[in-house]
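The next block holds one structure in the form of structure tokens; read it before the comments.
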Amino acid sequence: MIEAGFAQHVEEQTASDMVELTGQDNSRNLTDWAENLAILNAKRNMLENRLRETALNFVRYDSLHDKSKMSAKRRLLAVIPSDRRAKMDTMSSQEIIHSYYWSDLYKLILKEWRLFDPVFSDKASFERDCEIINDRPDAHAKQIDQADFALHRRSIDRIMETLEKRT
């Protein structure tokens, strides 16, 4: 699969951008590409797990301390499209948050921004970083170069560093 992705990446390069890849060079480029994807995956997975737990805890705390608000479970379900929401209705809050897609997670945070503003403070930057992270190069068979890898890493690192400093 990685080789097929790399082959597609190489085929899509214009002739002027192409560097002749033979033998050792081709193998090294394939290895670099795979290592970069692995690094992005690992960082994104760690961030996603940390953000899930943080979001769940913030929403739970707010629901417990303000009885006029919906339960944490209802608030978690509120950002889910109705077709998926019906299937998740019998789940616990923990199960719901772990069934979230990345886009569900950051939609929850944006919807509940009042809770997360003290952590992230810049809503536009947070949203931009989340969009970049959601534009996964490994999942969408997109052409990606070192600048794209750097952009993804920077967005992931920025959110993770903010979480580590402020939560």
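The values are calculated or read from the model by the stated rules, or taken from the named source; none is laboratory data. Quantities reported herein were computed from a predicted structural model and do not represent experimental measurements. Reconstructed Cβ throughout: ideal geometry from the backbone, glycine too, with neighbour counts over all protein chains shown.
Would you pick out the residues in the stretch 56-98 that are in contact with a helix residue (DSSP H, G or I) (Cβ under 6 Å, 6 or more places away or on another chain) and either under 19 Å from residue 118 (Cα atoms) or hydroxyl-bearing (Ser, Thr, Tyr) (or both)?
Hits for the stretch 56-98 are 56, 58, 59, 60, 62, 63, 71, 93.
Among (1) under 22 Å from residue 49 (Cβ atoms); (2) surrounded by 14 or more Cβ atoms within 10 Å (Cβ to Cβ); (3) not hydrophobic (A, V, I, L, M, F, W, C), there is one condition residue 95 misses while meeting the rest; what is its number?
(2)
Are there helices (runs of 4 or more DSSP H) fully within the stretch 33-127 with at least 1 residues that are under 22 Å from residue 137 (Cα atoms)? List them. Walk me through how you get there before you give the answer.
Numbers: elements: 72-77, 82-88, 93-99, 102-111, 113-120.
Ranges flagged: 93-99, 102-111.
Give me a count of the residues in the stretch 22-71 that are surrounded by fewer than 15 Cβ atoms within 10 Å (Cβ to Cβ), at pLDDT below 85 and not polar (S, T, N, Q).
Qualifying residue count for the region: 4.
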